[in-house]
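Input: a single structure, listed below in structure tokens.
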Amino acid sequence: MSDIKAIIEELEEEEEQSLYEHHRFEVDKGQESVRLDRYLADHMPHATRNRIQRATDAGFVLVNGNPTKNSYRIRPLDVITIMLDKPPFDSTIEPEEIPIDVVYEDESLMVVNKAPGMVVHPGCGNFNGTLVNAVAWHLRDMPSYDPNDPEVGLVHRIDKGTSGLLVVAKTPEAKSKLGIQFYNKTTRRLYNALVWGNFAEDTGRIEGNIGRDPRDRLRMEVFAPDSGIGKSAVTHYRVLERFGYVTLVECRLETGRTHQIRAHMRHIGHPLFGDERYGGAEILRGERSASYTAFVHNSMQICRRPALHAMTLGFKHPITGEEMDFTAPWPEDFFKLITRWRVYAQTKL
């Protein structure tokens, strides 16, 4: 079972991840100059120096707001903060009566079509009103389903702004077996995305490790596959429609890293349309005319999020072994956005 838990924990997916402050130290005026890891070990008696060093190497220890190295020698009045990806508060999940679109359900699992803008799991600034709260309400009459038990529930996650399909396991057996499928990359996941720019080819493959951007801890960066930084990630894309200045693409994931599609597309010069965090909320291609500027800005008001939709999801049923495939139609905002660009391309270009 411990191996299964490790696999489940490995499935970070594209979840919108925030960092939360757990500890803060303000260095005294008379403090002598010592290494950062030694200072923290002296001030955190319940944490080993090795654990502190690993946290620092992972970018969770900030000095004056910036990630630094263990060898940094602290100075008087330095502010040291330890930021972790789990909130330091009681995150007990309570059922909430929130409508959700259940695409499929049986006694072992359910497939949900998440609406854009809905947070998947409670986190900083979103302590309730999430998908897991809604699922807890939906399954409130199932005595064996405990929303606070990590052995049941969501098998993978997607960003707040991303719409589309997710699978929820009702039993530990279902979650374990589904988790293994995700880990072994035998699931089938296709996303539709509107990205800036045109492509020279109709298909392509993006490979690059995904890790936190040291300059912006809420954004992911792409590193060379042999860099030893981050986790390996592969995205395949296929052009569906070309609209001149933007392109509708289908993305197939081999791996499921945090912000994988968003980071990979930005890495190759094609940020998602409307993706503020990854530079896609600016006009990156097209004319300089006032009419075009107004058209783009109005388009971003129609779809006020990164233009990304988890279109299809396929897996083997964890109990019956049946191959299952689901498709979620575009939500209204994504449909209107694509239609708007399609008309523009047909009439203006």
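Considering every alpha-carbon pair of segment 286-349, the percent of pairs per 5 Å bin, from zero through the bin containing the longest distance, is 3, 14, 19, 17, 13, 9, 7, 7, 5, 4, 2, 0.
Give me Rg/Rg_expected for segment 180-333, where Rg uses Cα atoms only and Rg_expected = 2.2 N^0.38 Å with N residues. Intermediate values should be presented prior to the final figure.
Values: Rg = 16.7 Å, N = 154, 2.2 N^0.38 = 14.9 Å.
Compactness ratio reported: 1.12.
Rounded to the nearest 20, the size of the Cβ-charge dipole of segment 127-177 about its Cα centre is 160 debye, with Lys and Arg at +1 and Asp and Glu at -1.
In segment 273-319, which chymotrypsin sites (Phe, Trp or Tyr not before Pro) fall in coil by DSSP and have 15 or fewer other Cβ atoms within 10 Å?
none
Pairs exceeding a 28 Å alpha-carbon distance, out of 69/185; 177/336; 69/231; 69/175; 114/348; 114/185: 69/185; 177/336; 69/175; 114/348. Find which of 193, 255, 167 sits farthest along the positive direction of the dipole of segment 154-299, computed with +1 on the beta-carbon of Lys and Arg, -1 on that of Asp and Glu, about the Cα centre. The listed residue farthest towards the positive side: 167. When the Cα positions of 103, 230, 331 are compared along the charge dipole of the chain, 230 comes out farthest toward the positive end, with charges on each C-beta of Lys, Arg, Asp and Glu. Nonpolar atom fraction for segment 208-333, defined as the carbon and sulfur part of the 1.4 Å probe accessible area, stands at 49 percent.
With the charge dipole of segment 55-197 set up from +1 on Lys and Arg Cβ and -1 on Asp and Glu Cβ about the Cα centre, the Cα lying farthest toward the positive end among the listed residues 180, 129, 139 is that of 180.
Among the GluC sites (Glu not before Pro) found in segment 187-227, those both in a DSSP coil and sparsely packed, with 12 or fewer other Cβ atoms within 10 Å of their Cβ, are 201.
Secondary-structure-derived ellipticity at 222 nm for the chain, considering helices only, amounts to -7000 deg cm²/dmol, per-run term -39500 (n - 2.57) for DSSP H runs with n ≥ 4. Using the Cβ-Cβ distance between residue 203 and residue 128 with R0 = 51 Å, the FRET efficiency computed as 1/(1 + (r/R0)^6) comes to roughly 0.75. Counting only protein heavy atoms and a 1.4 Å probe, segment 149-297 has 40 square angstrom of accessible area per residue.
For segment 127-171, the carbon plus sulfur part of the accessible surface works out to 49%, probe radius 1.4 Å. Computed about its Cα centre, the charge dipole of the chain is approximately 1340 debye, with only Lys, Arg, Asp and Glu carrying charge at their Cβ. Amide H contacts of residue 220 (H built 1.01 Å from N, in plane; Pro and chain starts excluded): 213 sit under 5 Å, all sequence-distant by 5 or more or on other chains.
Check each of the GluC sites (Glu not before Pro) in segment 29-123 and keep only those in coil by DSSP with at most 11 other C-beta atoms within 10 angstrom; list them in order. Each step should come with its number before you reach the end.
On the way: sites: 32, 96, 97, 105, 107; in loops: 32, 96, 97, 107.
The qualifying sites are 32, 97, 107.
Considering every alpha-carbon pair of the chain, the percent of pairs per 20 Å bin, from zero through the bin containing the longest distance, is 27, 53, 19, 1.
The values are calculated or read from the model by the stated rules, or taken from the named source; none is laboratory data. None of these values were measured; they are calculated from a predicted model. All Cβ positions, even for glycine, are placed from backbone atoms using ideal geometry, and neighbour counts span all protein chains on display. These area figures cover heavy atoms from the full protein model, side chains too; ligands, DNA and RNA do not enter into them. Shrake-Rupley method; radii C 1.70, N 1.55, O 1.52, S 1.80 Å.
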